[in-house]
Structures are given as C-alpha cells and as structure tokens.
1. Can you give me the long-range amide H partners of B:ARG51? Hydrogens built in the peptide plane at 1.01 Å from N, cutoff under 5 Å, separation of 5 or more residues or another chain.
2. Looking at the stretch B:1-94, which trypsin sites (Lys or Arg not before Pro) are DSSP coil and have at most 12 other C-beta atoms within 10 Å of their C-beta?
3. Label position 7 Å from Cα toward Cβ: report the copy-to-copy distances for A:LYS151 in nm, one decimal, ordered from shortest.
4. Out of every Cα pair in the protein assembly as shown, what percent are spaced more than 33 Å from each other?
5. When every alpha-carbon pair in the stretch A:56-128 is counted, what percent end up more than 19 Å apart?
6. Within 10 Å of each Cβ of A:29-39, how many other protein chain Cβ atoms are there on average?
7. Compute the separation of the alpha-carbon centres of the stretch A:48-89 and the stretch B:75-96 and state it in Å as a whole number.
8. With a 10 Å Cβ neighbour count serving as the proxy for reagent exposure, in which order, fewest first, do B:LEU50, B:LEU118 appear?
There are 2 protein chains.
Amino acid sequence: MKKSIGAQTIVYPTPVFVVGTYDKESRPNVMTAAWGGICCSSPPCVTVSLRKATYSYGNIVEREAFTVSIPSEKHVKEADYFGIASGKKTDKFSATGLTPVKSELVDAPYVEEFPFVLECKLRHTFEIGLHTQFVGEILDVKVEQAVLGDKGLPDIEKIRPIVFAPQNQEYYGFGPFLGEAFSIGKDIRDPYGS
Amino acid sequence: MKKSIGAQTIVYPTPVFVVGTYDKESRPNVMTAAWGGICCSSPPCVTVSLRKATYSYGNIVEREAFTVSIPSEKHVKEADYFGIASGKKTDKFSATGLTPVKSELVDAPYVEEFPFVLECKLRHTFEIGLHTQFVGEILDVKVEQAVLGDKGLPDIEKIRPIVFAPQNQEYYGFGPFLGEAFSIGKDIRDPYGS
C-alpha cells in the first residue's frame, strides 16, 4: 500500500557534486550541489542546478565553465562544509586545507584531493524555477591513478563516492556489488513478445 | 596524480530510474534510465534524458507525462531487463510479472512493486544532442508504507535503492550511514573569513 507524501524533491540515489568555479577576482570557489546528473551521452554533458543566490551561479554565468569534483567518503565533512558556507564571505579552500587546481581545459578550478573530476564548458542555461540548470559539456574526466581498476577504468569501490538522501538530509556510503548491468536481466523473456 | 581518461559520461552515484509511460494504445511501458536527477526545488522537478529511438520517448511527447519508479535491490534483475528490452516489441510487465498502476494525477503508469514513485507532468523538453532531456514537474511522491521511517519520511535503508556505475556497467547497493548533511561540516571555519 502506497502513501502520498506530497510533491517532494526526493530521488535515490542523489549525488554529492562539488562544483568548482572562479569569481571575478579569479579566486577559486567550490559549492556542493545535489541537483544534477548526466543528461546526454553525445556530446557528453552533465547538469548542475543552482539557485541564483549562490556565489557559484554568477561565477558560472561569467566564466562559462565549471568543474565537478566527486569527493570520497573520507572527505564527507569537507563536502558538507562546501554546501553550508558561501564563497561570498569565505575562502573554502583555506578553511578546509584542500587544494584548488586550475583546469587546463576550462576556466575553473577543481579539488586536488578528490579522486574524480569532470571539466565542463557551459553549453546551455535553462531557467526552471528557483533553480537554474546549467548544462556543461564534459571536455575531460580526470581520475586519481590510485582509484583506477584493472582495465584502466575508475573503480567505484576505490573512489567510494558519497550518496545524499534528500529530505532526511543524510549521507551514505556505497554498498555491495549487485550485478552486471545489461546482463543480469537478459534471461527475462516476454512470453508473448519477440 | 590524476590521469585523463577522456570525455566520458561518468558520475557517481548514477541513479536507476524506471520511467513509466503509456503508448498510443494505452499499453503501459517502462524503461530504465540512468541519465537524470532532481533539477529544481520549486516547482519540484526531475529530469530524465532519453534517446529519440526509445519507445518511451514518443510516449512522453504524446502524453506529456511520465512516472519515475525507484526499484529496490531485490528487483535489480527486473530493472536491468527494463533497460535491455524495448516496449516496441515486448510487454515488459507481463515478462516480469510486475504490475502497472495508473497514476491518478498524470497520464502514466508506475510499478506497484517498487517502493518509491514520482508522478510527473512534462514541463520542458530540451534538445541536448543524442539525448533529449525531459523535465517533469513532480505532482506527488508515493511511497510504500513499509519503507517509511519514524518521522513519516522515506527511509533509504528500507528502500534500498540501486546505484549504477556507468562505464563499468555495474549495479551496487547502498552503504553505511556517514553523517548528517548541513551538520557534520559546521565546525569547519575559514580562519580569515566571517
């Protein structure tokens, strides 16, 4: 039996994206955003939705670029801080001791200590309501060598990304391997279909 | 030391959204989509990005509505199947034995056996490239009573949603609680800021 809980913004899993930008004085800033995800395979694009009130909003509009750094579990405290403090008044890098690195491809910084980074050029700006959705074309992905697996692909069990649970406002880690995609469902057949 | 792995569509976590639609003959269909997420708090909106080649694409354009059903770990096999088979040729509900339920609010069906459902009215259609991004306004969220926690909020540990790892094409479960959001980072301070 299902119960209505109203029009809430909850999905599972929700990501913890640390969005990196430069301000007008070229000071690096980061903010944590949970509203976003991949939106296109070709060109490869990712979205982040920000309120106009955020410092990062103006930075993205100005520089037409951003990065998405994905923190590991061990940096959950810093990731949370990046979503609480505002870059208008604080230098979040100096507060946390983390290191901004200038992207070689786009006009934005990323977080050196985080294992997985997307470098994005702003392609579209969509006004939805309280949030503006920025669509960035992913020009490159940079991965810490220590989290690459056998096949040279990023290994999620080494990255240990954080999952956000909206509404309950909780962070969770990653769980056990459940199965191979495009594989474990293959033996299901529609008895009446082709 | 970071290594470039090229312009790939990978973020962590990536969701497993089961998108429900009706076709022209009002046959219920579902497909699994990994490209999407919340994009706005007010109005509450969620995105799913689909290729035009999918059967669901035409259904959403026609009916201007869709649902997002979020499967639990125990239905990972069915969720994978929903991403492999096409509704053009198969009845995915009869193949899996799962039950379509007509939403009372929007012109789309959801999956009865999945614990968490968003009912969405199409608000925007954004052409990005290979994928078209549909933005749906969340009119209601329906949650299985058994997965509600003490405060009447959905409990992620009872829902046990699936996490998709793109590129490696693997499914993972949920992990341990890491901390409270907007809380565990509060004691970090910028020594030079306010």
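1. Under 5 Å from the amide H of B:ARG51 lie the amide H atoms of B:THR132, each far enough along the sequence or on another chain.
2. B:LYS24, B:LYS52, B:LYS89
3. 4.1
4. On the way: 19252 of 75078 pairs.
Within the protein assembly as shown, distances greater than 33 Å cover 26 percent of Cα pairs.
5. Details: 981 of 2628 pairs.
Summing the P(r) tail past 19 Å for the stretch A:56-128 gives 37 percent.
6. Numbers: counts 0, 0, 0, 3, 0, 3, 8, 6, 16, 13, 14.
Taking all residues of A:29-39 together, the mean is 6.
7. 38
8. Numbers: B:LEU50 25, B:LEU118 31.
Exposure proxy ranking, most exposed first: B:LEU50, B:LEU118.
FYI, it's all coordinate maths here, none of it is from the lab. Computed from a predicted structure; not experimentally measured. Because the Cβ atoms are built from the backbone with ideal geometry, glycine has one as well, and the counts that use them run over all protein chains shown.
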